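A short worksheet on the structure shown next.
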Amino acid sequence: MTLLLFSKLVRLLLKEKMEYRADFVLSAFAQIISYAGDYIVIWLFMKQFNSIAGWNWPEIALLYSIGLFTYALGASFSFVQMSGLEGQVREGTFDTLLIKPVNPYLYLISRGFNLAYVAHISISGTVLIWAIAQLNLQWSWTDYVYLLLALISGAMIHAGLLTAIGATTFVWVRTGYLFSLFFQLKEFISYPLPIFGTVVQLLLTVGVPLAFVNFYPAAFLLSYETSLIPHWAKWLVPLAGPLIYGLGYRFWMYGANKYQGAGG
Amino acid sequence: MSIIAVNGITKTYRQYRRFPGLIGSVRSLFTRQYTEEDAVNNMSFTINEGEAVGYLGPNGAGKSTMIKMMTGILVPTNGDIKVLGVVPHEARKANAQQIGVVFGQRSQLWWDLPVTDSFDLHKYIYKIPDSAFRKNLELCMSLLSIHEFVQKPVRQLSLGQRMRVEIAMALLHEPKILFLDEPTIGLDVMAKDQIRRFLRTVNRERKVTIVLTTHDMKDIEEICPRMLVVNKGSLVYDGSVEDLRAKLGSERKVIIDFRVDPGLLDIPGITLLQDEGIRKTFLVPRGESTVFEHVSRIASQYPVEDASIESLDIESVIRKLYLQLASEEQPISKIG
C-alpha cells in the first residue's frame, strides 16, 4: 500500500461522492446541525449549574471537542469500513479484498475513507479553538505539542476500538450490538470522569479505555487532579493510542485469517 | 511443469452456535458449541502450466471453496497447496500479483464510476508499468469490444458488458493463472460466445493457465480440454470430456422419422425416449447388436423416411454422472 495508491483512491472516492453531490452536502449539513444541538444542550446545562465536578463551560467545551474531533478523525478511517464489514462478509464480497496484492486492512480503510466527517471536524475544531482562546491559558509550546499528540492518540484509540469490533465480524458475522455498545460508552466521555462512580471510572480507564481520548489529556492540560493516573505519567497518556490501535490491527488481521467466506 | 499442486486438502467449516436476542449475543461470546462440515475432503490434483481446466460439480460440491483456497482467500484446514511455488494464504500479496480472479457473482468494479477508472486503479494496485498497461488494455478492449462503453458508469452496463470488463481487468497485470468462478452465469448466448472465444485465445495464444468453475457444459467443451468433477468435497473424475463420454455415454440416441405413425413399438433392448407420432427418439445401448442393426431391423418392419444417430451430448453425460453420484451419497457432516 503506497501513498501513490492512497492518493489515487482518495481521488476516485471524491469523484464517486460527487456523483451524489446533494446527498453529500445535505448529510454534512445535517451532522453540523445535530452536533450544534449537542453543544447547545451542554451549554444550557452549564448555564444552570455553572460547573460540573469543578469544570466550567469552556473547559467542558474543550473536553467535548477533543472527544468529537478525535472521534471524527479516527472514524473516518474505521467506522463505515468496520460496520460495513458485516455486509461484506455475509455477501462474500470481502473475498475480493483478499485477492489484491495489498494489505487487506490498509486497502479496506482507504477504500472506505469517509470524507463526510469533515462536518464533525469543522464544528469541533472551531469550538476547540474558541475554548482555548476563551480560557486564556498560559500555555508553553510543550502544552501545544501535548494537545497535538493527544489528538492523534485519541483518534487512534477510537479507530483501534472500532477496528477490534470490526474484527469480531469474521467470527460472529453480526456485530451491530457491539457498535451500539461502543456508542453508549462514548456518551460517558462527554463529561469529566470524576462525576461517575469508581466502577465507571475504572471501566473507562482499563476496560474500554475511552478516558484516554479526552479526559486524561484535558485534565493534565487544565491542571486537574486525576485519581487513577498520577501526574508523572502525563506523557505516557498519548501512548495509549498507538498501543490500542496496534492491538486492534493485530486482532483484525488474526480475524481475517479466520474468515470463512460465504457460500457461492 | 505443474504450477498448481493440491495435496490432501481438506476444508472444514465450523459454524458456532448463535443464540437470539441481546442476552443470546452475550451468551454466543462464550459458547463453544459448533457444527462441522467438510466442504472439501482430502482432495489432490495437479495442474500444469498452460492447461485450461474446467472444475465442475453439483451445487454445494465445494467448487468455490477450492477456488478460494487456491487464490489464498481461505486457509485450508489440512493438507498442502502450492500455487506457482508458494502457499497462497501465506504469501497472499505475492500470489495475488501472479493470478487473476473473476467472480461471476461478485463485482470488483466501482459501481458509480466509469469503467476506465476501475482499470486505472487496477494499474496502481498491481504496479503495472505504463507501456505494458496500455498494451494489455488495448488488446483486451478490442478483443472484448469494450471501447464503446468504457466511459459509462459501471451501474449502467448490462451484465454481459460488465462481465467482459471484469475479465479484461483480471488480465491487465499479465497473470500466469486466471481463475474464473462461474464467468458465464446469467449471460445471453452472444455474450457467452464472445467470452468463450476470448478465454480460448488467452489460453492458447498467451499461454495463461485457466481454471474455471461453471454449470454450463458448453464452457467446458469450448475452453477446457481437461475437467475435474467434484462431488461432496471429493474428486470423482479427472480427465478429458471425450473420455468421460466414452465411459458413461456408451449409448446412442437414434431419431427415426416414419412415413406413417407405427403406433407403440416394442423392440427388445432399446428404450423410447420421446414420442412425437411419426418422429420417435430411441436410446440404444451398444451391446451385442450394433446401432445400425437395430435401425435396419426397424426399417424392415416399418416404413422409415429418415434416421439419424447421435451420441449423447455432454449435458446428458454429466446429468448421468450426477445422478449416479446422488444415489451413492452419504451425509458426512457431524456434530462436534
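Tabulated values for the structure
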read-out: Gain on full stretching of the segment that runs from residue B:205 to residue B:301 - 0.36 nm per residue minus C-alpha separation; value: 29.1 nm
read-out: Label-point gap, in nm, between residue B:1 and residue B:131 - each point 7 angstrom along Cα→Cβ; value: 2.4 nm
read-out: Mean separation of Cα contacts under 8 Å (6+ apart) over length of segment B:250-311, as relative contact order %; value: 49 percent
read-out: Exposure proxy order (Cβ contacts within 10 Å, fewest to most) of B:111, A:141, A:172, A:252; value: A:141, B:111, A:172, A:252
read-out: Rounded if a/c under 1.5, otherwise prolate or oblate - chain A, Cα gyration tensor axes; value: prolate
read-out: Charge dipole of the protein assembly as shown about the Cα centre (unit charges at C-beta), most positive-ward option of B:159, A:224, A:171; value: A:224
read-out: Span-like helix ranges in chain A, DSSP H, alpha carbon extent 27 angstrom or more, Kyte mean at least 0.0; value: A:21-49, A:141-167
read-out: Three-way shape label, segment B:16-126, alpha-carbon gyration tensor, a/c 1.5; value: oblate
read-out: Relative contact order for segment B:176-246, counting Cα pairs under 8 Å that sit 6 or more residues apart, in percent; value: 30 percent
read-out: FRET efficiency, 1/(1 + (r/R0)^6) with R0 30 Å, evaluated for residue A:174 and residue B:90 via beta carbons; value: 0.55
read-out: Residues B:245, B:134, sorted so that the one with the fewest Cβ neighbours within 10 Å comes first; value: B:134, B:245
read-out: Modelled FRET efficiency - R0 41 Å, residue A:2 with residue B:278, Cβ distances, 0.05 increments; value: 0.05
read-out: Mean-position separation - Cα centroids, segment A:82-127 and segment A:141-217, in angstrom; value: 19 Å
read-out: Angle between chain B longest axis and helix B:291-301 axis [Cα atoms, degrees, rounded to 10]; value: 40 degrees
read-out: 20 °C / 1.002 mPa s Stokes-Einstein diffusion coefficient of chain B, Kirkwood radius on C-alpha pairs, µm²/s; value: 93 µm²/s
read-out: Segment A:1-57 shape via C-alpha gyration tensor axes, a/c threshold 1.5; value: oblate
read-out: Mean Cα-pair separation over length for chain A, i.e. relative contact order, pairs under 8 Å, 6 or more apart, %; value: 28 percent
read-out: Computed label-point distance, nm, for sites residue A:103 and residue A:257 using a 7 Å Cα→Cβ extension; value: 1.6 nm
read-out: Least to most buried among B:223, B:255, A:195 (fewest other Cβ within 10 Å first); value: A:195, B:255, B:223
read-out: Simple spin-label estimate for residue A:185 and residue A:90 in nanometres, 7 Å along Cα-Cβ; value: 2.4 nm
read-out: Most mobile listed residue (A:209, A:230, A:242) in chain A, GNM with C-alpha springs under 10 Å; value: A:230
read-out: R0 of 41 Å, Cβ-Cβ distance residue B:145-residue A:28: FRET efficiency to nearest 0.05; value: 0.50
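Just so you know, all these numbers are worked out from the coordinates, no wet-lab data involved. Remember, it's a predicted structure, so these values are computed and weren't measured experimentally. Methodologically, a virtual Cβ is constructed for each residue, glycine included, from the backbone with ideal geometry; neighbour enumeration extends over all protein chains shown.
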